[in-house]
Amino acid sequence: MTLPAAIKSDFPLLDQRFHGHQLVYLDSANTSQKPQVVIDAMADYYENANANVHRGSYELAVRATAALEGARAKVASFINARSSAEIVFTKNATESMNLLARSWAEANLSAGDAVVISEMEHHANIVPWHMLRAEKGIELRWIPIDGSGHLDLSDLDRLLDGAKLLSVTAMSNVLGTLNPIAQLSERAHAAGALMAVDASQYVPHVPTDVQALGADFLVFTGHKMLAPMGIGVLWARAELLDAMPPFLGGGEMILNVTKDGFTANEIPWKFEAGTPMVAEAVGLGRAIDYLSDLGMDNVRRHEVELTAYALRTLTERHGDKITIHGPTEPAERGGVMSFIYGDVHPHDVAQVLDQSGIAVRAGHHCAKPLMDVLNANATSRASLYVYNDKSDLDKLVDALSAVDDIFSF
Amino acid sequence: MIGLEDLYREIILDHYRTPRNRGELETPPARRVEGFNPLCGDEIIVYLQVDDSGVIDDVAIGGQGCSISQSSASMMSVAIKGRTVEDARRLIAAFKGLMSIHETEIGGDGSEAALGIELEGTTEDMKLGDLEALRGVVKFPIRIKCATLSWNTLAQALDEAAAA
């Protein structure tokens, strides 16, 4: 046991029953549940520290500002950013990616410039580029995936030739594939492109060091890492953020406004127009403390163990029926298992599992181009986090047999 | 407690296993309309052929999806084939009414009234019994969109045919 056996009791939501069964939550790649300490930290903020930030001169406003900026410092430390100024708070990873597209890319890309992404991207790392393509005529290039669910990098030099940006997921939300980001950063830089990373599925599960990854931009969201919904992060190197134009205009993001114009604030506040989500930032800071106390190395080890167990038991019990997408080697993937069960539609599989109290996601997982490559219109997906254990997976394996009871014909 | 047997009725599974009117029609004379459920990726293709007198003389269903969307499309095809466009529109309204019954009314027989529509001279062979099996879907609100996908696609096909 690399994580405390009693860890489930830290998460009040998990202690309930559905359809007569104890909840088995296997949808953390979608959103994670929250430990009591995070819920308490947010309540404590509203009970003891709430005021608008960076504005009031009174002691309470100082306390609220310290809460926000303290959370920013925790994020910076958690991903080994050089300074808190490199941490821009957003609503979620999608907004972070749109900020990157609307600010940096709109200012630096023109017609014919290429952005390279991969076939395993989430829509959040596809649609903003489609939008820029429609508006500015940029070119969008795709790194294909191979039959084992890895990126096929054999043609990367040609794809990167003349490209301005390589933007790739660190871990696929469908296949679980861990991509070689440090290597991709080197290749991008050698070709004169910048490197952006969608780390939404990575930062919550794997020790993250943005400097070691060698990236220029990295986005993730709080709600997948035990923090509340409504807080996301864009990390970028300070010199890039300094040079980027503002994203949204309004209060907080300015140093001065006159009838003739405005002077933008310093980073990161230049990108944070309006009253920010302080309680959510506090929740993210507390979630980071919680994960750090567990130890991110332990979190990763726990998930590799559970993933290995899941892949083994699912295949042993249902090997003739189940197809699990993505790398077969647990060390090469995260705890995200997308599967097809016989010819039963994933929506029906998820429905039957729900009847046993098991929550999995069915659908295209916001990755329709990948679904096309996999020649599937949907998969069922079981995904793991710190509070899952082998008993959860045993229940999944058992409950899948009930699918046969209804759909075997 | 709501059980899976409320959703996966035998008649539904039968239409899922053995979908009726599955395939394609030549376009033209048929009209081809696609419907998508962005939540789950389901895709339904309705081929509709309406003759000069306003009778749906042929219908075919393509695409892929879950048991509920596929069986609903199959039952729909049986229900509308050979019927007039007006009958089909009334059936769409009745079916969508059934699917929009509020949860608090589930368990009563309000749904019977919704489906007990009078289709002049055709009621007895309109296969209302098959469609009635889908009423359990309202107890699983997430699945309502699965059941209505083909019907919304049919409505779009009828609208396009009327505008043409």
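The values are calculated or read from the model by the stated rules, or taken from the named source; none is laboratory data. Here the structure is a predicted model, which means the values were calculated and not measured. Using ideal geometry, Cβ is built from the backbone for each residue, glycine included, and neighbour counts are taken over all protein chains shown. Heads up: the accessible areas ignore ligands, DNA and RNA and are worked out on the full protein's heavy atoms, side chains in. Shrake-Rupley method; radii C 1.70, N 1.55, O 1.52, S 1.80 Å.
Within segment A:193-217, the only residue that satisfies the criterion of being closer than 10 Å to A:Leu166 by Cα and open to solvent by 20 Å² or more (accessible area, probe 1.4 Å) is A:Leu194. The lone criterion from (1) part of a helix (DSSP H, G or I); (2) surrounded by fewer than 24 Cβ atoms within 10 Å (Cβ to Cβ); (3) out of contact with any helix residue (DSSP H, G or I) (no Cβ under 7 Å at 6 or more places or on another chain) left unmet by A:Gly112 is number (1).
Count of segment A:231-260 residues, restricted to those that are in a loop (DSSP other than H, G, I, E, B) and open to solvent by 30 Å² or more (accessible area, probe 1.4 Å), is 11.
If the condition is being part of a loop (DSSP other than H, G, I, E, B) and surrounded by fewer than 24 Cβ atoms within 10 Å (Cβ to Cβ), then segment A:156-178 contributes A:Asp161, A:Gly162. Looking only at residues of segment A:1-54 that are of a type in the set (D, E, K, R), touching a Leu at 6+ places or on another chain (Cβ under 9 Å) and outside any helix (DSSP H, G or I), we find that the one that is nearest to A:Pro276 (Cα to Cα) is A:Lys34.
Of the residues making up segment A:382-409, those that are within 11 Å of another protein chain (Cβ to nearest Cβ) and either in a helix (DSSP H, G or I) or modelled with pLDDT of 90 or more (or both) are A:Ala402, A:Val403, A:Asp405, A:Ile406, A:Phe407. Residues of segment B:30-56 that are closer than 14 Å to B:Leu154 by Cα, out of contact with any Ser or Thr (no Cβ under 8 Å at 6 or more places or on another chain) and not hydrophobic (A, V, I, L, M, F, W, C): B:Arg31, B:Arg32, B:Glu43, B:Gln49.
Being modelled with pLDDT under 95 and over 14 Å from A:Val403 (Cα atoms) is the requirement here; does A:Gly334 meet it? It is false that A:Gly334 is modelled with pLDDT under 95 and over 14 Å from A:Val403 (Cα atoms).
Has segment B:22-35 got any residue that is within 11 Å of chain A (Cβ to nearest Cβ) and either under 23 Å from B:Met99 (Cα atoms) or charged (D, E, K, R) (or both)? Among the residues of segment B:22-35, not one is within 11 Å of chain A (Cβ to nearest Cβ) and either under 23 Å from B:Met99 (Cα atoms) or charged (D, E, K, R) (or both), which makes the answer no. Taking A:Phe89 and the conditions (1) part of a helix (DSSP H, G or I); (2) touching a residue at least 40 places away in the same chain (Cβ under 8 Å); (3) of a type in the set (Phe, Trp, Tyr), which numbered condition does it fall short on, given that it satisfies the others? So A:Phe89 meets the others, but not (1). The condition (being open to solvent by 10 Å² or more (accessible area, probe 1.4 Å) and in contact with a Gly (Cβ under 6 Å, 6 or more places away or on another chain)) is satisfied by just one residue among B:Val78, B:Val50, B:Val85, B:Val55: B:Val85.
Every listed requirement among (1) hydroxyl-bearing (Ser, Thr, Tyr); (2) more than 14 Å from A:Leu175 (Cβ to Cβ); (3) part of a helix (DSSP H, G or I) is met by A:Thr307 save one, (2).
Here's the yes/no breakdown for (1) within 23 Å of the chain's Cα centre (by Cα); (2) open to solvent by 10 Å² or more (accessible area, probe 1.4 Å):
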| residue | (1), (2) |
| --- | --- |
| A:Leu291 | yes, no |
| A:Gly319 | no, yes |
| A:Ser338 | yes, no |
| A:Tyr341 | no, no |
| A:Arg361 | yes, yes |
| A:Lys390 | no, yes |
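Against the test of being among the basic types (Lys, Arg) and more than 23 Å from A:Ser292 (Cβ to Cβ), the options A:Arg55, A:Arg82 yield a single qualifying residue, A:Arg55.
With the requirement that a residue be of a type in the set (Ser, Thr, Tyr) and open to solvent by less than 30 Å² (accessible area, probe 1.4 Å), what does segment A:66-95 give you? A:Thr90 - this is the single residue of segment A:66-95 that is of a type in the set (Ser, Thr, Tyr) and open to solvent by less than 30 Å² (accessible area, probe 1.4 Å).
Name the strands (runs of 3 or more DSSP E) wholly inside segment A:320-381 in which the number of residues that are more than 14 Å from every other protein chain (Cβ to nearest Cβ) is 3 or more. First the steps, then the outcome.
Details: elements: A:322-324, A:336-341, A:361-363.
Once the strands (runs of 3 or more DSSP E) in segment A:320-381 are filtered for at least 3 residues that are more than 14 Å from every other protein chain (Cβ to nearest Cβ), what remains is A:322-324, A:336-341.
Within segment A:293-303, the set of residues being in contact (Cβ under 8 Å) with a residue 24 or more places away in the chain and either open to solvent by less than 40 Å² (accessible area, probe 1.4 Å) or outside any helix (DSSP H, G or I) (or both) comprises A:Leu294, A:Met296, A:Val299, A:Arg300, A:His302, A:Glu303.
In the set A:Leu99, A:Leu132, only one residue is part of a helix (DSSP H, G or I), modelled with pLDDT of 95 or more and buried (at least 21 other Cβ atoms within 10 Å of the Cβ); that residue is A:Leu99. Taking every residue in segment B:1-12 that is within 9 Å of another protein chain (Cβ to nearest Cβ) and without any contact (Cβ under 8 Å) to a residue 40 or more places away in the chain and pairing it with any residue that is among the hydrophobic types (A, V, I, L, M, F, W, C) and surrounded by 17 or more Cβ atoms within 10 Å (Cβ to Cβ), at least 6 positions away or on another chain, the pairs with Cβ-Cβ distances below 8 Å are B:Leu4/A:Val352; B:Leu4/A:Ile406.
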